[in-house]
Amino acid sequence: MGVFLVAGCDSGDAKDQPVILDRSAAEQEYRRTAETLTLPAGATFPGALPKAEAELMYEPGYATSIAENFWICAWGKEWLARRENDRPAAQAALDRLGEAPRTAFLSKHLDAAGRRLFAGHLAKARAGDPIGFRQYVDANCTA
């Protein structure tokens, strides 16, 4: 997952050139993705992608990954908050987290090591161990 700047290179064949999105197109990708994802009660998606200090171009899928990671974070936080005092809500959150491996973020944009790490967090959570998702939330989720 990442943002990159593009220098002008021309191989002569437009179909060989990567598709690059400007901020407006990336914002549209973000909103389209967010509209497909259900968050826990009281959680809302940020209204826009994180602000950049400079004018950037975006890879297709970057904004989808941002929205899907926010979704994972929201359900991870929900599971951590509910796991000891509201078992049905905690199980619902864990069920949602079980859907995460099918997201584009995890299935396409995260490397194999990252996917294995997430699978380990999910396995630990299913066994009642919060360590993996606590680490994920602390490392990947804004306050």
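The condition (being among the small types (Gly, Ala, Ser) and closer than 30 Å to ILE20 by Cβ) is satisfied by just one residue among GLY132, GLY114, GLY120: GLY114. With respect to being among the small types (Gly, Ala, Ser), under 11 Å from the mean Cα position of the chain (by Cα) and surrounded by 19 or more Cβ atoms within 10 Å (Cβ to Cβ), ALA100 fits the description. For region 121-139, give me each residue that is surrounded by 13 or more Cβ atoms within 10 Å (Cβ to Cβ), part of a helix (DSSP H, G or I) and not hydrophobic (A, V, I, L, M, F, W, C). Correct list: HIS121, LYS124, GLY132, ARG134, GLN135, TYR136. Only residues that are assigned to a helix (DSSP H, G or I) and either farther than 18 Å from LEU21 by Cβ or open to solvent by less than 60 Å² (accessible area, probe 1.4 Å) (or both) were counted across region 32-46, and they come to 2.
If the condition is being within 16 Å of SER107 (Cβ to Cβ), open to solvent by less than 40 Å² (accessible area, probe 1.4 Å) and not in a helix (DSSP H, G or I), then region 47-74 contributes only GLY61.
On the given criteria, is GLY8 of a type outside the set (A, V, I, L, M), modelled with pLDDT under 95, surrounded by fewer than 12 Cβ atoms within 10 Å (Cβ to Cβ) and in contact with a helix residue (DSSP H, G or I) (Cβ under 9 Å, 6 or more places away or on another chain)? The answer is no for GLY8.
The values are calculated or read from the model by the stated rules, or taken from the named source; none is laboratory data. Every value quoted in this text rests on a predicted model; they were computed, and no experiment measured them. Note: ideal-geometry Cβ built from the backbone for every residue, glycine included; neighbour counts use all protein chains shown. Note: areas computed on protein heavy atoms with side chains; ligands, DNA, RNA excluded. Shrake-Rupley method; radii C 1.70, N 1.55, O 1.52, S 1.80 Å.
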